[in-house]
Amino acid sequence: MLFRSRSNVAIHEGRVERELSRISHLDRVLLDPPRVGAGEVTMNAILSYSPKSILYISCDPATLARDAKVLLEGGYRLHHIEGLDLFPMTQHVETVALFLPA
């Protein structure tokens, strides 16, 4: 994998609620939750680290909106959002949203 050899990158794979307890510092977050989204508990746990940026990849715009509300109320702003039609001829749209501290 591209970033595995970098000394300034740590990749944690697994369920977020389990992995967060093993992490002492988060600088940037790349979050790709399942269709149900990350949820309020997980989003608040991420906010407690005050990361410099949160890149949220979503396969459900509704759960992205729900989780984004937690980020916005937690002092972040939506810097950029983009929809990607990765599955033509279906109703599915992938959304990538970048959140930065307000």
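Eigenvalues of the alpha-carbon gyration tensor of the chain, scaled by 5 and square-rooted, set the equivalent ellipsoid semi-axes at 22, 17, 13 angstrom, largest first. Amide hydrogen proximity for TYR76: with H placed 1.01 Å from N in the peptide plane, the residues at 5 or more positions away or on another chain lying under 5 Å are ALA102.
Tell me the trypsin sites (Lys or Arg not before Pro) within the chain that lie in a loop according to DSSP and have at most 12 other beta-carbon atoms within 10 Å.
Here the sparse-neighbourhood loop sites are ARG4, ARG6, ARG15, ARG35, LYS52.
Can you pull the percent of the range 15-92's accessible area that's carbon plus sulfur, 1.4 Å probe, other chains left in place? That share works out to 57 percent.
Suppose accessible area is computed on protein heavy atoms with a 1.4 Å probe; arrange PHE99, PHE87 from highest to lowest.
Of PHE99, PHE87, the descending order of accessible area is PHE87, PHE99.
In this structure the chain gives 68 Å² per residue of accessible area when probed at 1.4 Å with all protein chains present. What residue among SER7, ILE46, LEU72 has its Cα farthest toward the positive end of the dipole of the chain, where the charges are +1 on Lys, Arg and -1 on Asp, Glu, each on the Cβ? Ranked along the dipole, the leading option is SER7. The angle between the Cα long axis of helix 61-73 and the main principal axis of the chain comes to about 40°, on a 0 to 90 degree scale. About its Cα centre, the range 32-100 has a charge dipole of approximately 200 debye under the convention of +1 per Lys or Arg Cβ and -1 per Asp or Glu Cβ, with nothing else charged.
The 1.4 Å probe gives accessible areas that order HIS92, HIS12, largest first, as HIS12, HIS92.
The values are calculated or read from the model by the stated rules, or taken from the named source; none is laboratory data. The structure presented is a predicted model; accordingly, all values stated were derived computationally and were not measured. Glycine also receives a Cβ, built like all others from the backbone with ideal geometry; neighbour counts cover every protein chain displayed. Surface areas here come from the heavy atoms of the whole protein model, side chains and all, with no ligands, DNA or RNA. Shrake-Rupley method; radii C 1.70, N 1.55, O 1.52, S 1.80 Å.
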